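Down below is the structure, laid out as structure tokens.
The values are calculated or read from the model by the stated rules, or taken from the named source; none is laboratory data. Values in this document were obtained by computation on a predicted structure and should not be read as measured data. Cβ atoms come from the backbone with ideal geometry, glycine included; neighbour counts cover every protein chain shown. What goes into the accessible areas is simple: the full protein's heavy atoms, side chains included, and nothing from ligands, DNA or RNA. Shrake-Rupley method; radii C 1.70, N 1.55, O 1.52, S 1.80 Å.
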Amino acid sequence: MADNSSTVAEALTKRGVSRRDFLKYCAMLGAVLALPSTEIEALARALAIAPRIPVIWLEFQDCTGDTESFLRAGAQPNPLVSGPSEPSISQLILETLSVDYHETLMAPSGFMAEKSRRDALESQAGQYLCVVEGSIPTGAGGAYCTIGGRSALDIVREVTSNARATIALGTCAWDGGLAGALPNPTGATGVAGAVPGLRNLVNLPGCPANVVNLVATIVYIIAYNRLPELGDFGRPKFAYEKEIHERCERKRYYEAAQFVRAWGDEGHRKGWCLRRMGCRGPDTDHNCPTVRWIQGTNWPVGAGHGCVGCAEARFWDRMTPFYAADDDD
Ligand code: SF4
Ligand code: F3S
């Protein structure tokens with residue numbers, strides 16, 4: 001799908017991305033990664049000379065939401081950087097990755113698709129990044145999800161064993177997600193459950209995962225040749241260390257005890273706090289309020305819907321029923 005020989009800088013130059021725009025990318029990503037401003041030049045230098053990174057993207061029990069998120073990185077604006085003509089993050093991703101295998105996006109299918117994966121595994125051993133989307137069923141010997149006659153369990157163990165790093169993208173790939181919700185009929189689990197002891201694993205939960213955090217993680221790996229610092233549950237600290245509630249624009253209403261009590265009521269129209277409508281922002285660590293969604297346009301709480309805690313462990317079991325107020329409030 002791509003030219004593996006070029007560096008990130010060459011790929012971007014071919015797309016007409018100027019040095020100035022490239023530095024703006026780096027500034028935006030540096031802000032997402034919470035790097036000090038003095039690091040931006042170094043990040044830009046390292047990224048510019050880095051080779052493009054091959055990617056094998058596996059998709060198992062999922063809704064394709066993370067791929068949709070990936071494809072909709074789109075054009076800016078991003079709220080972390082102001083300016084009239086910021087380059088697209090999606091262009092950066094697509095031009096800096098060499099996606100050698102992605103069932104949903106690749107042209108080959110059937111045997112040819114399987115051959116593409118085998119070829120990438122052999123020719124890029126130890127170099128490629130493995131992105132896993134969807135949960136892995138372990139019940140019935142893995143029979144609930146097979147591709148080309150092989151179980152998802154077998155494939156994920158093979159591909160991750162020689163990866164430079166693995167990214168479990170989205171909540172399903174992290175802890176089983178929706179398929180893993182009780183009673184979990186297929187024995188669904190995430191990458192860490194399917195490949196115990198896997199090194200170089202980054203978990204990026206979210207339903208779906210935010211593509212900005214995916215880009216920032218990949219850029220960090222490319223530029224520094226190591227994983228970003230990980231916190232609880234193997235999630236990068238830059239994206240999952242702070243509580244949503246702390247940075248929510250409705251927090252002043254929470255503190256003033258001004259709550260929405262019915263959809264469409266006066267408080268809802270005025271943008272009051274959604275805690276009484278089941279918002280899980282105080283129970284969830286994620287950077288949604290700052291990175292936001294849809295090219296930085298908005299985020300769930302900004303749009304008037306409470307956070308459902310999609311980046312937290314077993315949220316389908318622990319955060320439901322979604323619209324019920326917490327008894328402690
Ligand atoms: Fe906290 Fe949710 Fe209220 Fe925002 S809407 S202040 S995240 S409880
Ligand atoms: Fe998920 Fe809550 Fe963000 S529902 S997308 S963690 S606002």
### Query
Dividing the convex hull volume of the Cα atoms of the chain by its residue count, what figure in Å³ per residue is obtained?
137
## Note on the structure
Between N298 and residues 5 or more places away or on another chain, the pairs with built amide H atoms under 5 Å apart involve W293
#### Entry: Residues with amide H under 5 Å from that of L178, placed H, sequence gap 5 or more
C172
### Message
Quick query: amide H of T189 versus all other amide H atoms, modeled in the peptide plane; which residues come in under 5 Å with a sequence gap of 5 or more or a different chain?
### Response
I136, T138
### Task
Report the charge-dipole magnitude of the chain in Debye, nearest 20, computed about the Cα centre from +1 at each Lys and Arg Cβ and -1 at each Asp and Glu Cβ.
600
### Summary
In whole percent, the fraction of accessible protein surface over region 242-318 that belongs to carbon or sulfur atoms, probe radius 1.4 Å, stands at 51
### Task
Go through the chain and flag any cysteine with no other cysteine's C-beta closer than 4.7 Å, please.
C26, C63, C130, C145, C172, C248, C273, C279, C288, C307
### Order by protection proxy (mean Cβ within 10 Å, highest first), peptides 51-64, 16-29
51-64, 16-29
### Message
Accessible area per residue for the chain in Å², computed with a 1.4 Å probe and the full protein assembly in place, what is it?
### Response
44
### Query
Of the accessible area of region 8-238, with the probe set at 1.4 angstrom, what percent is carbon plus sulfur?
54
#### Entry: Under the Karplus curve 6.51 cos²θ - 1.76 cosθ + 1.60, θ = phi - 60°, whole-Hz ³J(HN,Hα) for region 138-148, x wherever Gly or Pro sits
10, x, 6, x, x, 5, 6, 9, 10, 9, x
### Task
Based on the mean of other Cβ atoms within 10 Å per residue, sort peptides 173-179, 275-281, 263-269 so the most packed one is first.
173-179, 275-281, 263-269
### Query
Over what distance in Å are the Cα centres of region 14-33 and region 214-286 separated?
25
### Query
In a GNM of the chain with a 10 Å cut-off on Cα contacts, which of A48, A311, A256 has the highest mean-square fluctuation?
A256
### Message
At a 10 angstrom cut-off on C-beta neighbours, averaged per residue, how do the peptides 291-298, 109-116, 97-104 rank from highest to lowest?
### Response
97-104, 291-298, 109-116
